[in-house]
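Down below is the structure, laid out as structure tokens.
The values are calculated or read from the model by the stated rules, or taken from the named source; none is laboratory data. Note that the structure is a prediction, hence the values are computed from the model and not measured. For neighbour counting, all protein chains shown are included, and Cβ atoms are generated from backbone atoms with ideal geometry for every residue, glycine included. The protein model used for the area step is the full one, side chains on, heavy atoms only, and it has no ligands, DNA or RNA in it. Shrake-Rupley method; radii C 1.70, N 1.55, O 1.52, S 1.80 Å.
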Amino acid sequence: MGLSSLLLSAALFGLKASALNNGLARTPQMGWNTWNSFACELNETVILNAAERIVSLGFRDLGYEYVVLDDCWSAGRNSSGYLIADSEKFPNGIAHLADKVHELGLKIGIYSSAGTWTCARYEGSLGYEEKDAALWASWGIDYLKYDNCYNEGEEGTPKLSFDRYNAMFKALNATGRPMLYSLCNWGVDGPWNFAPTIANSWRTAGDLSNVWDRDDVNCPCSELEGLDCKTPGYKCSIMNVLNKAVYYPSKAIPGAWNDLDMLQVGNGGLTDDESIAHMSLWAALKSPLLMTNVMTKIDPPTLSILQNPAVLAVSQDPVASTPVRQWRYFVDDVDENGKGEIQMYSGPLSGGDQLVLLLNAGSKAREMNATLVDIFWESGPKGTAKQVKQHWDVYDLWANRMSNEDAAAIINGTFTGPSPYNLTAMGGAHEVYSRPLPSNSKVLMGSKVGSVQPSGTVTAHVRPHGIAMLRLRATDKKDEL
């Protein structure tokens, strides 16, 4: 290739990249947000206590890097039109708080709404985009969650929503400070069609509740009849949000992700199996992973779910950036609660591996299976894919979940020896997730639980509201260390 060709390629790449040019969220963002546990009761102590626990418990080492202040942090605007922080909640100011968070090796996020008010009726940013972005940059903010409340009717078409959110995108870029831009417009006007050009992530549905599967008039598009599916709603169950998100996995690209809303793991309401399924699906669908549990009161099961590096490696796989696709969905034998929903997901991973998820959304245990033809359908339908003719080893990504005893010792500060998931010693989370995973690493690959012959079938016993999360690797593949 000659110099002129190289320059042309660089120019074309620059044009393509300039639409979203902050270089952030090349894999889905990970961190913690105040809202689900603290709502408007956030303050400097809450933030710093959570940040310190994120570090001391090893979450930072696993890639959870953002600490995000949600709604209710401000106290209006000053005479010059700039936002001011609530001095009772943040007596030392947000800039001071940002410095403290940065000293811990973390990044800090803040919240506003593309409306006159925020959802909790604090000052919004509509019409103040340049001033607010400049202020946040001066404070050292690294992340903006941007909501959709009180938007003065500036929605109803994709163009209206795009223009309103694009104003803040331009303002953030103008500051020169990289700030991850997270749209929270609840799926209104199909943000997956316009947001990839301006945002690092966008919400796909209404607010996620900590319930597995429940019809609720507040969250439309469920099995109840007569609901307006254009209304995003809130109190949406795990299954409701999931079943809306499966239709547009191809919209996600490095730097721009479908956001199924923040994690509810550890907030009560979900069983252990439901929490595992929730975490698995959010990771596999490449949704941002924002914890919302009370970090100072975390229990062992919650820590061991949120800290499974074999699952996080799926979320943070830098090569296989496409979310898994739902290939099979149907109601089998309807059980006593009227639910018989089972689903299969599959998608590629780095190094030629393949991810398979078998979801049992019903309320009784099932033997579930998927043929290699099902699993590699996108690589060649009707059994034409070359992978169908290979031998595969099957790894269970939850087989080596941290024990409650080890998790409790970590929480209590009595664990002896290196952390079970000490990725710092392996080069850091991003480095570890970005290289081929050795099959002898139980931390990163789980455990081998079987193998599949050419044109064979993957099987698993799946508990009610549970999931099997499996990684397939070609049997003859050599580990790349």
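For Tyr66, the residues 5 or more places off, or on other chains, whose built amide H falls under 5 Å of its own are Met30, Gly31, Trp32, Lys107.
Judged by the gyration tensor of its Cα atoms, with axes a ≥ b ≥ c, the chain is rounded; a/c sits under the 1.5 cut. When shorter helices are ignored and each DSSP H run of at least 4 residues is given -39500 (n - 2.57), the per-residue value for the chain at 222 nm works out to -8000 deg cm²/dmol. For the residue pairs Lys145/Lys364; Lys235/Lys297; Lys297/Lys442; Lys89/Lys286, the alpha carbons lie more than 32 Å apart in Lys145/Lys364; Lys89/Lys286.
A 1.4 Å probe run over the protein chains yields, for region 28-314, 34 Å² of accessible area per residue, whole-number rounding. In region 322-472, Cα pairs under 8 Å separated by at least six residues give a relative contact order of 34 percent. Could you provide, to the nearest whole Å², the per residue accessible area of region 413-471 with probe 1.4 Å? Per residue, region 413-471 has 49 Å² of solvent-accessible surface. Along the axis of the charge dipole computed for region 322-472 (Cβ charges of +1 for Lys and Arg, -1 for Asp and Glu, origin at the Cα centre), the listed residues Ala370, Leu359, Pro436 are led at the positive end by Pro436. For Cys72, the accessible area of its heavy atoms, probed at 1.4 Å with every protein chain present, is near 0 square angstrom. Bridging of Lys448 to lysines at a Cα separation below 18 Å is possible for Lys477, Lys478, once same-chain residues fewer than 8 apart are set aside.
Shape call for region 361-439 from the C-alpha gyration tensor, a ≥ b ≥ c root eigenvalues: rounded (a/c under 1.5), prolate (a/b greater than b/c) or oblate? Verdict is oblate for region 361-439. In a simple Cβ point-charge model (Lys, Arg +1; Asp, Glu -1; nothing else charged), the chain has a dipole of about 1400 debye relative to its Cα centre. Residue order by solvent-accessible surface for His102, His391, His278 is His391, His102, His278, largest first, with ligands and nucleic acids left out and a 1.4 Å probe. The relative contact order of region 248-323, computed from alpha carbon pairs under 8 Å that lie at least 6 residues apart in sequence, is 42 percent.
The residue list Asn185, Asn21, Ala167 was ranked by how far each Cα lies along the charge dipole of the chain toward its positive end, using unit charges on Cβ atoms, and Asn21 comes out on top.
Here region 28-314 exposes an accessible surface that is 49 percent carbon and sulfur, computed with a 1.4 Å probe and the other protein chains kept in place. Share of carbon and sulfur in the accessible area of region 322-472 stands at 50%, probe radius 1.4 Å. The charge dipole of region 28-314, taken about the Cα centre with unit charges on the Cβ atoms of Lys, Arg (+1) and Asp, Glu (-1), comes to about 640 debye, rounded to the nearest 20. Listed by chain and number, the aspartates and glutamates placed with their C-alpha closer than 12 angstrom to that of Lys107 are Glu65, Asp99, Asp142; residues fewer than eight positions away on the same chain are left out.
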